[in-house]
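Okay, so here's the structure we're looking at.
The values are calculated or read from the model by the stated rules, or taken from the named source; none is laboratory data. Being a predicted model, the structure only gives us computed values, none of them experimental. Neighbour counts are summed over all protein chains in view; Cβ atoms, including those assigned to glycine, are modelled from backbone coordinates with ideal geometry. Ligands, DNA and RNA are stripped out before the accessible areas are found, and what is left, the full protein with its side chains, is counted by its heavy atoms. Shrake-Rupley method; radii C 1.70, N 1.55, O 1.52, S 1.80 Å.
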Amino acid sequence: MKVQRIGILLLVLCIIGVSVVSTALIRYEKRTRSRDIVNKGRYLVTLIALHSIKDFEGNKRSFFLRTLHDYISSEGLAYCLIHDHAGQPFVVLDPYKLVSKIPQAVRLKSLHTMGLTDQTFHTSNSDQTVYEFAKSMFENGQQTGTVRLGLRPPPISLFSMERVGLLATIAFFIFAMVPFVFLGIKVALRPLKNLGLKMENMAGTSTPVETSSAKGPAIEDVIASLDQSLGFLRERYKRLEAANIESHAKKGVIAYERKQIARILDAVHYGIIITDTQDHINHMNAHMLNLLSKERDDVIDRPLAEVLEHEEILSFASGQEGGAQKTTRRDMETTFPSHAPGETFQVTLSHLDDGDGSITGKVICVKNVTTQKSVDRAKHEFVAHVAHELRAPLTTIKSYNEMLMDGEIADLETQKEFYNTINEETDRLAGLIENLLNMSKIEMGSLTTERELVKTDRLVKDCVAAIEAPAQKKHITIEKKLPDKWPSLVGDKELLKVAMINILGNAVKYSPENTNITLSLREQDHTVKLDVLDQGYGISEEDLNHIFDQFYRSSDPRISEQTGSGLGLAMTSDIIQLHGGRIEVQSTPGDGTHFSISLPRKDYQLGK
Ligand code: ADP
C-alpha cells in the first residue's frame, strides 16, 4: 500500500517535472526559431534587393527562380514576390498559394516601403504564422521595384530526438533522487519522532507506538503520532493553565482574607498579640501597638519577651504551657504603669491549634477594664447607699410604730409628734423611691423619652405651685421674671418638671427664712434660659465638685439636717443632658446660689 502510494507520488512528480521542462524547452525553441527566421528573412530580402530588376528578366530569371525554389523546399520560404515600380507583380513564386491569403494591410505596408520592413501575420483560414519581409530595389537612385519574401516557421515537434533524450535524462534523475530524498526526510524526522514519543510518555499515554519496526515508521505514522502527542500536550497545557488560574484566584482570595482579618483585628477595642510556637510575634493589632507605643515593623517576627517587657504577662503566658492547660483559657488582671498609668487591664491567653491538637501558637488579648471596674464599684456603692437610705426611715417608722402600738406613749401631744415623724419618714421613703424610679427612667430615657411640645408658661406654673407651700412656711418670697412671649420646648414634660422642681425645691430647702428666690425665664440665642437665684447657705468650693454625684450631700449641718437623698441634682443633670441642654452653678457660701439651665429651643413639628 505504502509502496503503491510512493509509486504514484513519483509518477506524478515525474509527469509534472517533464511537463514543466518540455513547456520551457518549446518556448525557448520557439523564441530561437523566430529570431533565426527574422535574421534569415532580412538577410535574404536584402540579398535579393541588391540585384537589378533586369536580373529577373531573360536567362537570369529562370536561374533566380530555381535558386528560390530550392530555398522554398529546404529553408521554409513560403513565397517570393517582386513588384515593379508601379506595384505590379513582376515575379510571383507562390507554391503554397498563400499570396491570396495575405491581409491587405500587410501588402500595402510592404509595397510602400522605402527601407526594410518586416511584419508577422496569420493567414486567414489556416491560421498559419507567416513572417513577411519587404525591401525596395534601387537603380541609379531610382526605386525600380519591391521584393517581398514570406517565411514560415518550421513546426516544432514535442518528440524530437534531442527533446526525448533530455526528458528521459530528467526522468532518470527524478527517479534516482527519490530514495535519497526519502532517506533525507526520514533522517530529518527522526528527532521529531523521538520528541513525539517523549511527549507521549510525559502525557502518561499507554498507546502503543511502533518503535522498532524493521522498515521503520511511515511518515504519516510519525506525523499522526506527533499530532497525537501534541494533542496530549495541548490537553495537559490546558489543565495546567486552568489549575494555574484557579491557584491565582485562590491566592488572591487568601491575600484578601488575610488583609480583612488584619483589619478586623485592628478594629477591635482591645490589644491582640498572636505568636508562633517559638513565641515569636506573628501579628500585633493596632490597639496593642498603640498601647505599647510601637510600630508594626518593630515587633513582627521578634521574640515576645523582647517586645512586651512585662514580666507578669510573660510568666502568665509561659505558665500555661503543657498538658491539659493548653486548651483552657485563663484571665489575669494587670497594669501597664509606664504606658497607661492608673488603668487596669485584663489579659486572656488562648492557644491556637492546627485542628489535629498540635499547638501552633498563642493569642494574648489585653483588654482595658478600668471603666468596667469603676462602674461595677459604683453599682455596689449605689446599692449600699440605697439600702442605707431605705433602712434609715424604715427603722424610724418601725420603732415609732411599735412604741405607739405597745401603748408606751400615753401623752397625746407626743403621740401626734410620733405620727408626724412616721408621716415625714414615709414621705421621705416615697420621695426616695420616686427618685429611684425617675433615675431608672432617665437611664433608659435616651430610648423611651416621650418627646412632645412643652409650653414653658405651663411648666413654670406647675413647678412654682409645687414649691409654694414649703416656701410660704419659711416666708420665702418667689420673685418671677417671666417673658411676655413664652418660648416652647420639645421634650419630656414630666422629666423637665422633675428637674426644675429639684432646683427650686433645693433653693427653698437650703435657704433660711425670710429670704428671696428669683426665678427668671427668657429666650436667648435659640435657647430657653432658666435661672434660679437664692439667698441661702451657698455651696463650698469642695462641695461644688460633687453636688452632681449620686447620693452626695454636703456635710454642712444646716444642710444635712434637711431631708434629702443626694439624688436630685444627679438626676437633674441627666435630664438636662438628655434634652441636649446644659446646667451650671455658681455659689458663694453665706450669700446664696445661682443655678442656670439652658435648653435648646426647638420649633415643634407634628410627627417628629
Ligand atoms: P439633696 O437635696 O437630696 O441632698 P441634691 O442632689 O438635690 O440632693 O443636692 C445635692 C447637694 O447639693 C445638697 O445636699 C446640697 O449640699 C447641695 N445643694 C443643692 N442645691 C443647693 C442650694 N440651692 N444651696 C445650697 N446647697 C445646695
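Expressed as a whole percent, the accessible surface of the stretch 449-600 that belongs to carbon and sulfur atoms is 45, based on a 1.4 Å probe.
Only Lys, Arg, Asp and Glu count, each charged at its Cβ (+1, +1, -1, -1), so figure out the dipole size of the stretch 268-368 about its Cα centre, rounded to 20 debye. The partial results should precede the final answer.
On the way: 8 positive and 17 negative charges, 62 e Å.
With only Lys, Arg, Asp and Glu charged at Cβ, the dipole is about 300 debye.
A convex hull fitted around the alpha carbon atoms of the chain yields 534 Å³ per residue. Counting charges near Tyr256 (Lys, Arg +1; Asp, Glu -1) among other residues having Cβ under 12 Å from its Cβ returns a value of +4.
Applying 1/(1 + (r/R0)^6) with R0 = 51 Å to the Cβ-Cβ distance of Leu233 and Val18, what FRET efficiency is obtained, to the nearest 0.05? Numbers along the way, then the final one.
On the way: r = 43 Å, r/R0 = 0.85.
According to the calculation, E is roughly 0.75.
For the stretch 1-159, a crude dipole built from +1 on the beta carbon of Lys and Arg and -1 on the beta carbon of Asp and Glu, taken about the Cα centre, is about 600 debye to the nearest 20. With contacts taken as Cα pairs under 8 Å and at least 6 residues apart, the chain reaches a relative contact order of 7 percent. Computed from the C-beta positions of Leu390 and Glu561 and an R0 of 25 Å, the FRET efficiency is 0.80 to the nearest 0.05.
Can you give the extra length, in nm with one decimal, that the chain gains between Thr277 and Lys398 once fully stretched, where that is 0.36 nm per residue apart less the Cα-Cα distance?
Roughly 36.8 nm would be gained on extension.
Straight-line reach from Lys186: taking Cα to Cα under 26 Å and skipping same-chain neighbours fewer than 8 places apart, the lysines in range are Lys2, Lys198, Lys215.
Where the accessible area of the stretch 268-368 is counted over protein heavy atoms with a 1.4 Å probe, how much of it, in %, is carbon and sulfur? Carbon with sulfur: 45 percent of the solvent-accessible area. Sequence-ordered 3J(HN,Hα) estimates for the stretch 84-92 from the Karplus curve with 6.51, -1.76 and 1.60 and θ = phi - 60° stand at 7, 5, 8, x, 7, x, 10, 10, 10 Hz, glycine and proline given as x.
How many Å² of accessible area per residue for the stretch 374-442, probe 1.4 Å? Each step should come with its number before you reach the end.
Details: 4800 Å² over 69 residues.
Value returned for the stretch 374-442: 70 Å² of accessible area per residue.
Taking each of Lys250/Lys367; Lys455/Lys481; Lys416/Lys493; Lys416/Lys474; Lys485/Lys602 in turn, the alpha-carbon distance tops 27 angstrom for Lys250/Lys367; Lys416/Lys493.
Calculate, for the stretch 479-584, the solvent-accessible area per residue in square angstrom, rolling a 1.4 angstrom probe over the heavy atoms of the protein chains.
On the way: 5080 Å² over 106 residues.
Ligands and nucleic acids excluded, the figure is 48 Å² per residue.
Each residue was assigned an accessible area with a 1.4 Å probe, and for Cys463 the value is about 0 Å².
For the pair Thr414 and Arg522 in one chain, pulling the backbone fully straight at 0.36 nm per residue adds 34.0 nm over the alpha carbon distance.
Given the Cα-Cα distance of Asp484 and Asp55 and 0.36 nm per residue of separation, how much length would full extension add, in nm? Intermediate results must be reported in sequence, preceding the final value.
Values: separation 429, 0.36 × 429 = 154.44 nm, distance 16.16 nm.
Contour length minus Cα-Cα distance gives 138.3 nm.
Here the chain is scanned for GluC sites (Glu not before Pro) in DSSP loops (not H, G, I, E, B) that have at most 13 other Cβ atoms within 10 Å, and the longest stretch holding none of them is 58-209. A simple spin-label model places the labels of Arg31 and Leu9 3.4 nm from each other, with each point 7 Å out along Cα-to-Cβ. Measure nothing but the geometry: give the 0 to 90° angle between the long axis through the Cα atoms of 456-473 and the longest principal axis through the Cα atoms of the chain, rounded to 10°. Approximately 20 degrees, to the nearest 10. With a Förster radius of 22 Å applied to the beta-carbon distance between Lys461 and Ser440, the computed FRET efficiency rounds to 0.20. About the centre of its Cα atoms, the chain shows a dipole size close to 7900 debye [charges on the beta carbon of Lys, Arg (+1) and Asp, Glu (-1) only; nearest 20 debye].
Would you be so kind as to identify which of Leu390, Met439, Thr414 lies farthest towards the positive end of the dipole of the stretch 374-442, taking Lys and Arg as +1 and Asp and Glu as -1 on Cβ and the Cα centre as origin? The residue sitting farthest along the positive end of the dipole is Met439.
Accessible area per residue for the stretch 2-151, computed on protein heavy atoms with a 1.4 Å probe, is 59 Å². For the stretch 221-232, putting each phi into the Karplus relation 6.51 cos²θ - 1.76 cosθ + 1.60 with θ = phi - 60° gives couplings of 5, 4, 5, 4, 5, 5, 5, 4, 4, 5, x, 4 Hz, in residue order, rounded to whole numbers and with x for Gly and Pro. Between the amide H of Thr344 and those of Val369, Thr370, distances stay under 5 Å, these residues lying 5 or more places away or on another chain, with hydrogens modeled in the peptide plane.
Note that the stretch 56-66 has calculated 3J(HN,Hα) couplings of 9, 10, x, 5, 4, 4, 5, 5, 4, 5, 5 Hz, one per residue in order, obtained from phi through the Karplus relation 6.51 cos²θ - 1.76 cosθ + 1.60 (θ = phi - 60°); glycine and proline are x. Angle of helix 370-405 to the longest C-alpha principal axis of the chain, folded into 0 to 90 degrees and rounded to 10: 30°. Quick one: which residues, 5 or more positions from Thr360 or on another chain, have an amide H under 5 Å from its amide H? H modelled 1.01 Å from N in the peptide plane, none for Pro or chain starts. Amide H neighbours of Thr360: Leu352, Asp353, Asp354.
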